[in-house]
Amino acid sequence: MKSWSSNDVSAMERPLKTEFHIVKIKRNKKQTSFGNMNVFRNMLYMARRFKTATVLNLAGLAVAFASCFLCLTQVNYDLGYNIKNE
């Protein structure tokens, strides 16, 4: 292989050196497994640490489910009105 010097060729004509390194990520099977309780422990830890955010999130989720239930109940009533009253 020819070695390139600055006197031989300009920088634009010089071939680029590209090197690719494959990095393997080592994962502990205990940490990635859903069979153990790490996910639930983390969830409980975060719920205890951020109590206000947890309460607000649960309240918002309850309101969202209640409004969805009311909307679906109203749609069911509207679509079934003619069938029930004929």
*asked:* Whole-Hz ³J(HN,Hα) for each residue in the stretch 60-75, computed from phi via Karplus 6.51 cos²θ - 1.76 cosθ + 1.60 with θ = phi - 60°, x for glycine and proline: what do you get?
replied: x, 5, 5, 5, 5, 5, 5, 5, 5, 4, 5, 5, 5, 5, 5, 5
_Inter-label distance, nm, simple model (7 Å from Cα along the C-beta direction), residue 75/residue 37_ = 4.0 nm
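Only the coordinates and a few stated rules stand behind these numbers; no lab work does. Keep in mind the model is a prediction, meaning the values are calculated, not measured. Heads up, the Cβs are rebuilt from the backbone with ideal geometry, glycines too, and the neighbour counts pull from every protein chain shown.
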